[in-house]
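A short worksheet on the structure shown next.
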Amino acid sequence: MGPVVIAIDTEDQKRPIIGDLSAIPELSQTVASHVDRNALDEIAIWLVDAEQSVFVAKRTAHDQQGVDYLVELAGLLQAGVVDNRSRVNFSTEHNLFQERAVLSTIDVVVVLEVNGPVASNIKMGAKVATISMADLYTKANFQNFEEYYVPDLAVAVDAQSSLPPISQKQLSSV
C-alpha cells in the first residue's frame with residue numbers, strides 16, 4: 001500500500017468533526033454518455049466517402065482501450081491521426097501518425113475531444129465533425145474559445161465511447 005492523499009474542501013476543513021469517520025461512501029461508477037447513432041453513422045459515411053480523412057485527437061483516450069479503439073478505427077479507414085500529445089492517444093511511431101500540416105489537404109476531419117484551436121489550416125470545403133464533451137460544459141455565451149470554427153456536425157459525447165460504433169459501421173459497410 002502506497003501513500004494516500006486526501007483532498008478536502010477548505011470549508012469542510014474548517015468544520016468540526018461530528019459523527020463516525022469510518023463511514024466512507026463507496027466510489028460511484030461513472031458511465032460514459034451515449035450518442036445518437038445517426039450522428040455517428042453520418043460521420044462514418046463521410047469517412048468512407050472521403051479521399052483523405054484524418055482524426056485530430058487531444059484528450060480522447062481514457063485508458064489503453066481508448067488507444068486501441070483509435071488505432072483500430074484509423075487502421076480500418078487508413079486515416080491519419082494528428083495527436084496533440086495531451087495524452088497518449090496514438091503512437092508517434094505508427095505509420096498513420098500525421099503532423100498538423102496535413103490538415104490543409106484533408107477532405108474529412110474528425111476532431112476528438114479538442115477544445116482549442118484546430119482550424120487554422122483546414123482545407124476550404126473540408127467536412128469537419130467534432131466529437132467532444134466540451135460542448136456540454138460551456139457556461140456562458142461569451143467566453144474565450146481561442147480560434148473559433150464551426151463544425152459541419154458537432155456531437156456532444158465522450159469520444160472514446162463513440163469510436164467502437166463508428167468502427168462497427170465501417171465493418172458492416174465492407
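Since every read-out is calculated from the coordinates, none of them should be taken as a lab result. All values reported here derive from a predicted model rather than from experimental measurement. For neighbour counting, all protein chains shown are included, and Cβ atoms are generated from backbone atoms with ideal geometry for every residue, glycine included.
Things to note:
- A full extension of the chain between Ser86 and Arg15 corresponds to an added length of 21.8 nm, given 0.36 nm per residue minus the alpha carbon distance.
- Amide H contacts under 5 Å for Val81, placed H, 5+ residues apart: Phe55, Phe97, Gln98
- Estimated FRET transfer efficiency (Ser104, Met133; beta-carbon r; R0 30 Å; 0.05): 0.60
- Stretched out straight at 0.36 nm per residue, the stretch from His62 to Lys123 would grow longer than its current Cα-Cα span by 19.0 nm.
- Summing Lys and Arg as +1 and Asp and Glu as -1 over all other residues whose Cβ lies under 10 Å from the Cβ of Ser86 gives a net charge of +2.
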